Amino acid sequence: MKTIRRLIYGEVLLAIALVALGFLALFLFFDLVDELQHLGRRSSLEATANIYQIRHALLYVALLVPNHLYELLPISVLIGTIFVMARLAQSSEYTILRTSGLGPWRALRLLLGLGAFFVLLSFAVGDYLAPASDRAAQLLKARYQNRITVGQTGAWLKEKQTYNNYVVNVKALTPENKMRGVRIFEFNNQGQIVSTTEAPQATFGEGDAWVLSQVTREEFPRTGDAGARGKATPQDNPRITRQTLPSYQWRSGISAEMVAVALLKPERMATIDLFNYVRHLDANGQTAQRYEIEFWKKVFYPLSCLVMVMLALPFAYLHFRSGGIAGYVFAGVMIGISFFLLNNVFGYIGNLRNWQPWLAAAAPGLLYMTVSLGAFGWLVVKR
């Protein structure tokens, strides 16, 4: 059995590596072509302006490789495994392996063991390597675009504290992990505005404090205070208090990771960062449907490697003539692309139709697992 395992594992790993390299080379070419339009741009933040050169573009597209690998790994596993299984069947090698004691269930366990390896690899790449490299790529790009932002107004966050509620607007995040265009709106429990704080720049201080620079702060008197003591007098007219401060500390539970999640694409964040951000949104009464779906997609997506090897096993039991292997490999490509598309479509539909987040994320995998088990039962067990 060790010889059979070594033979199949070696062939499958080599095929998957070649398929993944081919896809990555294609994506690198497209990314590099897309970056050519940004060549020659200068950064205006420094005394000596930096020019975005071809070496920066090459480094940027190289930093995107882990994210592409994470997205392409299940498809590569499917195509590579289908190619090996179909080739073994075409050359009658798999028939010899069957007569040597490689039954259907043993073959399934063999491939599931290989799929488990790719599950762990996909989780490690998607949860550790890809977020770090993608963040480095965004910061590299921000050195020449001066900021990381989303939309025209930036990110909006909300925090509920013991006595007051806060709405925070951060327009951009700099490569030095500093926030630009910070606005903080403070409301009391009755929904009345208490104060506004604006600063062109802010940093994440020690603990749970934000350090704002060149602050303009306005405080509003509560409505009804003037007449609370009886008849209002001219001295009781409400007045807005405005003050300018060189520095101001604001205590908040909004971390740098939460700001990054709001400014960057959620599918490129680590699972734990998405989980903490979902908890923050729930605690502050905000809609977290989109981020919950992305969180469950991050949980279930590595498991799709197991579904892919299950889909590939029935190809070893097909009988086809010489030259027919290309058609089955093409079918594997179409199946992989359809899985990738359905995975995205179900996420959008689940967000629009307010489905359970775990169901929207797991539906494509469950659907393809049902198909693979049906094909396995029909082509392998009953025939």
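The values are calculated or read from the model by the stated rules, or taken from the named source; none is laboratory data. Given the structure is predicted, the values throughout are model-derived calculations rather than measurements. Because the Cβ atoms are built from the backbone with ideal geometry, glycine has one as well, and the counts that use them run over all protein chains shown.
Here is the figure for segment 62-105: residues that are free of Cβ contacts under 8 Å to residues at least 60 places away in the same chain and not hydrophobic (A, V, I, L, M, F, W, C) total 8.
The set of residues in segment 338-362 being of a type in the set (G, A, S) and more than 18 Å from the chain's Cα centre (by Cα) consists of S338 alone. You will find that of G113, G181, G205, G151, the residue that is at pLDDT 85 or above and surrounded by fewer than 17 Cβ atoms within 10 Å (Cβ to Cβ) is G113 and no other.
When segment 78-107 is filtered for residues that are surrounded by fewer than 17 Cβ atoms within 10 Å (Cβ to Cβ) and aliphatic (A, V, I, L, M), only I96 remains. Residues being modelled with pLDDT of 80 or more, of a type in the set (S, T, Y) and assigned by TED's automatic domain parsing to the domain that holds S304 are represented in segment 129-138 by at least one member. So is Y348 modelled with pLDDT of 80 or more, buried (at least 20 other Cβ atoms within 10 Å of the Cβ) and of a type in the set (S, T, Y) or not? It is false that Y348 is modelled with pLDDT of 80 or more, buried (at least 20 other Cβ atoms within 10 Å of the Cβ) and of a type in the set (S, T, Y). Contact annotation: residue pairs with Cβ atoms under 7 Å, 6 or more positions apart or on different chains, pairing a residue in segment 132-154 that is closer than 22 Å to G40 by Cα and among the hydroxyl-bearing types (S, T, Y) with a partner that is at pLDDT 70 or above and surrounded by 16 or more Cβ atoms within 10 Å (Cβ to Cβ), are Y144/Y52; T149/K171; T149/A172. Here F117 passes the criteria (1) touching a residue at least 40 places away in the same chain (Cβ under 8 Å); (2) under 17 Å from L78 (Cβ atoms) except the one numbered (1). The residue that is surrounded by the fewest Cβ atoms within 10 Å (Cβ to Cβ), counting only those in segment 351-383 that are among the hydroxyl-bearing types (S, T, Y) and at pLDDT 85 or above, is T370.
Kindly provide the set of residues from segment 154-173 that are at pLDDT below 80 and surrounded by 18 or more Cβ atoms within 10 Å (Cβ to Cβ), ordered by number. Matches in segment 154-173: G154, A155, A172, L173. Can you find even one residue in segment 306-323 that is over 30 Å from Y94 (Cβ atoms) and either in the same structural domain as F117 (by TED's automatic domain parsing) or modelled with pLDDT of 80 or more (or both)? No, because not a single residue in segment 306-323 is over 30 Å from Y94 (Cβ atoms) and either in the same structural domain as F117 (by TED's automatic domain parsing) or modelled with pLDDT of 80 or more (or both). Beta carbons closer than 8 Å, at least 6 apart along the sequence or on distinct chains, pair a first residue in segment 335-355 that is over 16 Å from L366 (Cα atoms) with a second that is among the basic types (K, R) and surrounded by 16 or more Cβ atoms within 10 Å (Cβ to Cβ) for N351/R290.
Contact annotation: residue pairs with Cβ atoms under 6 Å, 6 or more positions apart or on different chains, pairing a residue in segment 242-259 that is assigned by TED's automatic domain parsing to the domain that holds V182 and of a type in the set (V, I, T) with a partner that is at pLDDT 90 or above and assigned to a strand (DSSP E or B), are T244/T216. Taking segment 155-195 as the range and being more than 20 Å from A256 (Cα to Cα), in contact (Cβ under 8 Å) with a residue 24 or more places away in the chain and assigned to a strand (DSSP E or B) as the test, the residues that pass are N164, N188, I193, V194, S195.
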